[in-house]
Amino acid sequence: MKYLVMVLATQADYDAMNGKPSTGSPAWSEEDMRKMFAFMEGVNNDLAESGEMIDAQGLADPARTRAVLPGADGRPVVTDGPYGETKEQLAGFWVLDCESLERVTEVAARVGQCPQPEGAPVYPVLIRPMDAASDPQGAAG
């Protein structure tokens with residue numbers, strides 16, 4: 001079964017990773033960043049070695065987000081981020097092919113142990129099964 005595993009963050013979290021703290025998001029040091037990248041590299045390497053990794057990407061900060069909606073006149077309405085009406089946004093993801101929900105839950109639990117500075121916010125790691133009907137290879141892919 002294929003799963004989308006997602007991690008979340010806010011613009012304040014991205015700012016903190018760039019050395020700009022705010023209430024609830026302490027500044028990350030270079031050492032904090034090294035630990036986080038080393039941890040994620042280990043997760044990615046293990047998933048690639050097991051054959052479960054299909055894709056993984058970290059995303060740019062929410063300030064570089066663009067939303068496109070259909071306008072009343074049929075022309076697109078484009079809004080650049082960040083968006084005050086939303087809190088957490090998608091920060092990165094993995095597309096995994098795991099044998100079971102239990103296995104992908106183990107992966108998500110490991111991702112949730114990523115090191116971060118004391119006092120940094122903790123967000124859930126989200127798991128979404130991918131619809132086999134939208135997969136050209138079906139559930140066996």
Inset, instruction - Mind giving me the FRET efficiency for Tyr123 and Ser50? R0 is 25 Å, r the Cβ-Cβ distance, nearest 0.05 is fine. - result: 0.50
Inset, instruction - Show that you can apply the helix-only estimate: for the chain, add -39,500 (n - 2.57) for every DSSP H stretch of four or more residues, divide by all residues, and state [θ] at 222 nm to the nearest 500. - result: -9000 deg cm²/dmol
Legend entry - Solvent exposure, largest accessible area first (probe 1.4 Å, DNA, RNA and ligands not counted), of Tyr14, Tyr3, Tyr123: Tyr123, Tyr14, Tyr3
Legend entry - Per-residue SASA entry for Val95, accessible area with 1.4 Å probe, Å² rounded to 10: 20
Legend entry - Potential lengthening between Ala63 and Arg75 on full extension [0.36 nm per residue; Cα-Cα distance subtracted]: 2.0 nm
Inset, instruction - Please report the relative contact order for the range 1-101, taking Cα pairs under 8 Å with a sequence separation of at least 6, and give it as a percent rounded to a whole number. - result: 42
Legend entry - As computed over the range 28-113, the Cα convex hull volume per residue (Å³): 147
Legend entry - Nearest-20 debye value, the chain charge dipole, Cβ charges on Lys, Arg, Asp, Glu: 360
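The values are calculated or read from the model by the stated rules, or taken from the named source; none is laboratory data. Computed from a predicted model, the values in this text were never measured in an experiment. Ideal geometry is used to build each Cβ from the backbone, glycine not excepted, and the neighbour counts take in all protein chains shown. For accessibility, only protein heavy atoms count, side chains too; no ligands or nucleic acids. Shrake-Rupley method; radii C 1.70, N 1.55, O 1.52, S 1.80 Å.
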